[in-house]
Amino acid sequence: MMRPLLFTNARIIDPSQDWDFSGELLVKDGVIGAAGQSLEAPQDARVIDLEGKWLVPGLIDMHVHLREPGEEYKETIETGTAAAVAGGFTAVACMPNTRPVNDSAGVTQFILEKARRAAKARVFPIAAITLGQKGEQLTEFGDLLSAGAVAFSDDGLPVRNARVMRHALEYVRNFDALIISHSEEPELSRGGLMNEGRVSVSLGLKGIPAAAEEVAVFRDVALAELTGGRLHIAHVSTRGSVEIVRRAKARGVAITAETAPHYFSLTEEAVIGYNTSAKMYPPLRTEEDRMAIIEGLKDGTIDAIATDHAPHSVIEKECEFQLAANGIIGLETSVALSLNLVRSGYISASQLIRCMSSSPSRILGVPGGSLATGDPADISIIDPEVVFTLTRESLHSMSHNSPFLGETLQGKAILTLIDGRPVYDPEGNCSHPPGQQ
C-alpha cells in the first residue's frame, strides 16, 4: 500500500464543486480522502507543502493523435501518454485516424491494451463514425462502445455526405453517445495551405477561407437540431463558428465545442517565413478570430480546451511548405499557453480548469474532473509561475513540431498523479526514503 499523501498550503481549484481556496487535500488508498482549510493528517502520511501552487483535478485532453497503430515513427501510445502526464494530463482521448483506422473493436482493444502497458495517462479511444473514415457506411457503434470507445469522429476528414451524418446523429441517440465533427467543406478548402487573406496573398499561398469551416459547422448544427443527437464541434478556429455555436446553444441544441491553445495564442502571422511549424488544419486565423475564440471561452460558448496534439517527424515538417503535413504537438505547452488567458484577465483560474478538466469529463462521459471525496485521486499540481524554455531535449513526445520551440513559457505541471500514484514527478515530491513505500 502507498503511504497517504497530505498536500498542504495548496490553492485547491475544482470547478465541479465551486472550489477555489487555500487549504489541504488528503490522498489515501488511491482516492481523495478529504479536502479543507485544515486537515488532521494520518500518522504515516507524507506531507507535501505546495507553497501556493495549484492543486486541480487531473487535466483531460479530449482531442489527441497518438499515431499508434501504424505511424509509430511519429508517436507511440507510450511516448504520447508520457508527454500527456508531463503536461499535467491524467487522461487523453485519442482520435481514430490511425493505420488501420479505429473502426473495429479489435483496434479499440489494441489501443487500450497498449495504454495499460504504458501505465501513464488514462486513454479513452474515440472510434470512427464511418468504416475506413470513407464517409459511406457507419461503423458498429454498439460493438465499439462495448470494446471501450467513448465517442465517434472521423477527425482528420469530414463526413462529406449530409445523409450519412444525419444517420450517425440519429443512430448515436440509441447509446446516448457523442458525435465529434471535423467541420470542413472540402470543396472550399481543397488545395489550401493557410488562412485565406492578406498574409496568404503576400506569401503567394493558396488560402482556406473561414467559410470552409463555418459552412460545415452550420450544416452539422442543423442536423443535430433535426435529429436531437449530441454533437461536439472540434478545433473551432473562426469568429463565425463561435457565433453559430453560440446561437445554437441559445436555441437549446445539444451541442458543445472545443478550441485549441494555438487558436487563441497565434494568428496567421506565424506562417510568415513559410514556417511549417505553424501549418495546421484548421489554419491559424486572424486577430479578429483569435479574440472571438477568447470571448467564446469567456462566455462559455466554447466548452473545452483541447490540444489537437498532432505529432509529425522531421520528414513531414522540415520540407517545402506546400508539402509539409498539417498539425503541431501540444500536450506539453497547453498549460503554459492557456495560463496566459488567466494572466491577461480574460478568464478566471476556475474557468480554465473547467475547460481543461471538468468539461471534457462531462462531455465525453468519462471519469475525472473532480476532487470530491472518494473519487480516484487523479490530480495535477501546477506551478503557474515557473519559467522554462521549450527545447527538443525537454520534450517527452517523439516529435517536436511546435511553433513554440525555443520560446520562454511560463507555467507547467510539476506533479501528476493517477489513482494517487505519481506518474510524473521530476522534482521527486512523492519519493520516499529507503525502505518506505
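The values are calculated or read from the model by the stated rules, or taken from the named source; none is laboratory data. Being a predicted model, the structure only gives us computed values, none of them experimental. Positions of Cβ are generated from backbone atoms using ideal geometry, with glycine treated the same way; all protein chains shown enter the neighbour counts.
Here are a few things to note about the model shown:
- Enumeration of residues in region 365-409 that are closer than 20 Å to Gly330 by Cα and among the aliphatic types (A, V, I, L, M): Ile379, Ile381, Ile382, Val386, Val387, Leu390, Leu395, Met398, Leu405, Leu409
- In region 338-437, counting only strands (runs of 3 or more DSSP E) that sit wholly within it, the ones holding 3 or more residues that are surrounded by fewer than 14 Cβ atoms within 10 Å (Cβ to Cβ) span 379-389.
- Output for region 169-186, where each listed residue is surrounded by fewer than 21 Cβ atoms within 10 Å (Cβ to Cβ) and within 25 Å of Glu269 (Cα to Cα): Glu185, Pro186
- Only one entry of Ala212, Ala248, Ala222, Ala257 meets the criterion of being assigned by TED's automatic domain parsing to the domain that holds Leu157 and without any contact (Cβ under 8 Å) to a residue 24 or more places away in the chain, and that entry is Ala222.
- The criterion of at least 3 residues that are aromatic (Phe, Trp, Tyr), touching a Ser or Thr at 6+ places or on another chain (Cβ under 8 Å) and crowded, with 21+ Cβ neighbours inside 10 Å is met by none of the strands (runs of 3 or more DSSP E) wholly inside region 11-90.
- Scanning region 91-145 for residues that are among the small types (Gly, Ala, Ser), in a loop (DSSP other than H, G, I, E, B) and under 30 Å from Ile382 (Cβ atoms) yields Ala119, Ala121.
- Residue within region 107-118 that is within 26 Å of Gly142 (Cα to Cα) and polar (S, T, N, Q) present: yes
- Qualifying residue in region 391-398 (condition: more than 27 Å from Ser361 (Cα to Cα) and of a type in the set (Val, Ile, Thr)): yes
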